Structures are given as C-alpha cells and as structure tokens.
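Heads up: the structure comes next, in structure tokens.
Laboratory data are not the source of any read-out in this text; all were calculated from the coordinates shown. Just so you know, these numbers come straight off a predicted model, no measurement behind them. Cβ coordinates were reconstructed from backbone atoms using ideal geometry, including for glycine residues, and neighbour counts include every protein chain displayed.
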Amino acid sequence: MASFANPFAGNVPRKMTREELIQAIRLNIAGELEAIYVYDAHVQATDDPVAKKVIADIRDEEKAHVGELMTLLRHLDPEEAEHFAEGEEEVREMLQELNFIGNSTEKNSESKPESTIGSLIGK
C-alpha cells in the first residue's frame, strides 16, 4: 500500500544499475497488480453504477500499465523474456491439447461442435 508518511521513500540517491532498474520494474509490476486487485474488489463491493464504471476504468488503466511495464522488462532483460515466452508456449500447448485456442472460452474451430437446444430439436 501507499507509504505517504515518508515523502522520500521512493527517492533513489543515485542512478540505478541495470539490475536495480530491472528489480524496480518488477516491483512496479507487483504494485500495479495489487492496484488491479484492490480496484476490482471495490467494483465488486458497490452497486453504485457510476462508481463501478469509474473504478473499473481506473482498474483497466492499471492493466495497461502492467502491459507497458512487462514490455519494458522484456526489453531490459531479454533472458527473462525468454522465460516468459517458454511459459506462454507451455500454456498454448496445453490449450491445444484441450482443443482450446486463445483463451479458455474460445473453442478450437477444429473441435466437434457442441449440441445446442436448437440442434437437438427433432432428435
């Protein structure tokens, strides 16, 4: 959470090394993920439609920040980017094994079509 009590908490008294910058970016990503979690909890905890819309928009901006920071991290640490790519490929392989593509709700076009109420009429 925020540490506003110490106005100098985020200051670094010198230029960071590349390794320190990489660590700082990881910490930034963790902060953005925490913010997403908190904003999402607030969206779920209210019925006020205006508050829901505004807070959800802010939450989604934090998601964009994660994407920006991840792209920067991949640039700063290509070896780490290779690990990310390996993990992504492992999940893609699992999705293919399960006949899913893209995300868990999008069926592979080659998979057997599911029965629907309409398709069962007359059977």
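Structure notes:
- When restricted to residues that are of a type outside the set (D, E, K, R) and exposed (fewer than 14 other Cβ atoms within 10 Å of the Cβ), the range 59-75 contains 4.
- Pairs are defined by a Cβ separation below 8 Å, a sequence spacing of at least 6 or placement on different chains, a first member in the range 9-25 that is surrounded by fewer than 10 Cβ atoms within 10 Å (Cβ to Cβ), and a second member that is assigned to a helix (DSSP H, G or I) and not charged (D, E, K, R); the pairs so defined are Arg18/Leu76.
- Under the condition of being in a loop (DSSP other than H, G, I, E, B) and closer than 30 Å to Gln23 by Cβ, the residues counted in the range 48-97 number 1.
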